[in-house]
Amino acid sequence: MEEAEAFLWRETAKSYAEKGNIYWQRILQNLDWEEKERNTTYARALKRLEKGF
């Protein structure tokens, strides 16, 4: 359910951001940053697990 909501939120932000709405452009930037941080954290945790085994 969370993934579906995140997808809809991102698509809504993209739609308005592409029309030049600065508020939604900022939201989209924040969503992109959060996703990048999540992916980086996940990759680091995976590397630590691999080293432990």
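Which number in (1) in contact with a Phe, Trp or Tyr (Cβ under 8 Å, 6 or more places away or on another chain); (2) surrounded by 12 or more Cβ atoms within 10 Å (Cβ to Cβ) marks the one condition that ASN21 misses?
(1)
Taking the stretch 29-53, which residues are under 17 Å from PHE7 (Cβ atoms) and open to solvent by less than 100 Å² (accessible area, probe 1.4 Å)?
Scanning the stretch 29-53 gives ASN30, LEU31, ASP32, GLU34, GLU35, ASN39.
If the Cβ limit is 7 Å and pairs must be 6+ apart or interchain, which residue in the stretch 1-23 that is over 16 Å from TRP33 (Cα atoms) pairs with which residue that is open to solvent by less than 60 Å² (accessible area, probe 1.4 Å) and aromatic (Phe, Trp, Tyr)?
Close Cβ pairs (under 7 Å, with a partner that is open to solvent by less than 60 Å² (accessible area, probe 1.4 Å) and aromatic (Phe, Trp, Tyr)) amount to TYR16/TRP24.
Of everything in the stretch 1-40 that's polar (S, T, N, Q) and in a helix (DSSP H, G or I), which residue is farthest from the chain's Cα centre (by Cα)?
SER15
Regarding TRP9, is this residue modelled with pLDDT of 90 or more and of a type in the set (A, V, I, L, M, F, W, C)?
no
The values are calculated or read from the model by the stated rules, or taken from the named source; none is laboratory data. Given the structure is predicted, the values throughout are model-derived calculations rather than measurements. Cβ: placed from backbone, ideal geometry, glycine included. Neighbour counts: every protein chain shown. Remember, those area values only see protein heavy atoms, side chains included, never the ligands or the DNA or RNA. Shrake-Rupley method; radii C 1.70, N 1.55, O 1.52, S 1.80 Å.
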